[in-house]
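Shown next, in structure tokens, is the structure this report addresses.
The values are calculated or read from the model by the stated rules, or taken from the named source; none is laboratory data. Only a predicted model underlies this, so the values are computations on that prediction, with no experimental measurement involved. No Cβ is skipped: glycine too gets one built from the backbone with ideal geometry, and neighbour counts run over all protein chains shown. Please note that ligands, DNA and RNA were not included when accessible areas were found on the heavy atoms of the full protein model with its side chains. Shrake-Rupley method; radii C 1.70, N 1.55, O 1.52, S 1.80 Å.
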Amino acid sequence: MGKEESPQITRRVTRLSSSTAVTSNEVETEKMTKPYKPTLNDFVFGGEQLSFNDLLSSFPVRGNQIRELLRLLGPVNSPMLPLFVYGDPSTGKTSTILQIFRYLNRPFVYASCRTCYSLQILFESVLNQLLLHKKNAANGYSSTKRCVKPSDFVNFLREDLTSVIEKLRSLKKLGSNKSAEKPNGNMLYLIFDNLELIREWDKSSSALPFMFNLYDVLKMHEVGLIFISNTSPDTYYSNMGYTEHVPVYFPEYTEDDLRQILMRNQANRKLYSSFLDVVLRPFCRTTRRVDELSTAFSPLFRKYCEPLSDLASVPNEEMKRRLFSHFKPHIAPSLNEIFWVPSKSSTEAEINKDTRQKGSTRKSEVSDHFAQIDFHMSTSAKYLLISAFLASRNPATLDASLFDSTGGSDSRKRKRKASEKSMEQKEVAEQELLMKGPGTFPLERLLAIFQCITSAADSLDEEEHENDVLRVGGDCGLMSDVLLQLSSLCNANFIIKGGSCPLEGSTRYRSTVSEDLALKVARSLKFPLPNYLYRR
């Protein structure tokens, strides 16, 4: 079992170090004759041993959560209650937990509900890892056990866990297991990530209660359960009794937190700090996701440094003003690009603009003047604002007829000549509607209208070949977090929460924007809002 006799290489580390002493032909021959066989060492994270200071420096703003998780995990082989780690997307939940297990060097099995997109795949993925089974061409890329029913999964899981725990105990008796390659302890942890996705592919709504009852069903103190979710425990309410999970909350990053995270591993920290002084605050109003911000800031920082000949120079106040004047025109366009909303290329738009007639150009300039708004708003937020306005002004019973594939039903109706009595009734109804004000609507209706109008905008762009219209929807779709946009609009008082419905049990919203503002926002998108607005 010595390290010098048969070095073990885990699945979570690169195998480059093992092939440095042989040629490429020998490596290919060895791969064909001796395929890699997983061992018990594959249950640990692998790689170099991580110190506690390195763990804290890897997550500079998650020190409290790291200490709390280490306290709940406890010493080696200590029983624990199930943990429920939750927080907004891209707040470091999964990365923090995996690095903690790298620091502790404890064995675990990780399964994500995003890659395991059904209950059967989730069950078989856990069982395959416990049995050290890897799908390949030799076994036909099949699982070691077929598992469809939760009852079968419990039986297989208890059997496989018992076998793995016994092997870990025997490994501990054979020698010291304090090296980075061997598991530390004989307690095994099951980590289930993206737990909220189970509700999308579980029609019977029985999988979540089963997962939460797994601790009580197994009754194995040598097994720890950790659930990771983007939603709070309140969204998983069930009338079935089970052992209450210990919640660990990862709060949303603040602007100072994002600055500390983005400043890590920067060659010229002062130069990048001056760059963040310009872009971080406006982008934080749109999104606080680290993955989106880092993706958006990478090309912007290169644009910011274009006037510099030496990237190692320390910027002074005069240099900062010069860099800002060069970079300022690129800030507003990049705020929309963070959501990957595709549009016509600027070169194509300029060519087509030059070929327009003078009359159409003058008409376009007038319409652009009336379409200007006094504040910046991303394209997805504009469509969400229009969706909220339509949901508040239109009756819910007419959604099917207004948001059809033809783009509204007003243009297809044959209007009769209105009598005086009907005109009076119409005026009275409009006055009553005006006195009642905008109505409330649930979140589901808002998202449905949002999807309909973005799809309609995409079809209008293809039919009319308007170069200034952003294509939203269609095959590519929006990559933004709509719930984050809704939260931003609520904070800006464009949309307010109108209380919860006692029958539905969900929060209802109400739009506060006027019709003039909604029309102005629609004009900026070249969106035909009157076609979707119900008139009595």
### Query
How large is ³J(HN,Hα) for each residue in the stretch 89-96, as worked out from phi by the Karplus curve 6.51 cos²θ - 1.76 cosθ + 1.60 (θ = phi - 60°), to whole Hz, x for Gly and Pro?
x, 6, 10, x, 5, 5, 4, 5
### Query
So what J values fall out for the stretch 103-111 if you push phi through Karplus, 6.51 cos²θ - 1.76 cosθ + 1.60 with θ = phi - 60°, rounded to Hz, Gly and Pro as x?
5, 7, 6, 9, x, 8, 10, 10, 9
### Message
At 1.4 Å probe size, what's the solvent-accessible area of Ser488? Round to the nearest 10 Å².
### Response
40 Å²
#### Entry: Listed residue pairs exceeding 26 Å between alpha carbons, taken from Lys135/Lys173; Lys145/Lys219; Lys135/Lys182; Lys320/Lys526
Lys135/Lys173; Lys320/Lys526
### Task
With a point put 7 Å past each Cα toward its Cβ, work out how far Ser170 is from Thr507 in nm, to one decimal.
5.4 nm
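Given a Förster distance of 56 angstrom, what is the FRET efficiency for Ser313 paired with Leu98, based on the Cβ-Cβ distance and rounded to 0.05?
With R0 = 56 Å, the Cβ-Cβ based efficiency is 0.90.
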### Summary
For Arg508, other-chain or 5+-apart residues with amide H closer than 5 Å (H placed, Pro excluded) are Gly498, Gly499, Ser500, Cys501
### Query
Taking amide hydrogens as modeled 1.01 Å from N in the peptide plane, which residues meet the under 5 Å criterion relative to Ser112, leaving out close sequence neighbours?
Asp193
### Summary
The simple spin-label model distance between Leu132 and Glu244, using points 7 Å out along Cα→Cβ, in nm, is 4.1 nm
### Query
For Ser57 and Ser163, what does the FRET efficiency come to when R0 = 45 Å and r is the distance between their Cβ atoms, rounded to the nearest 0.05?
0.75
### Summary
Here the gain from full extension of Tyr117 to Ser325, 0.36 nm per residue of separation minus their alpha-carbon distance, amounts to 70.0 nm
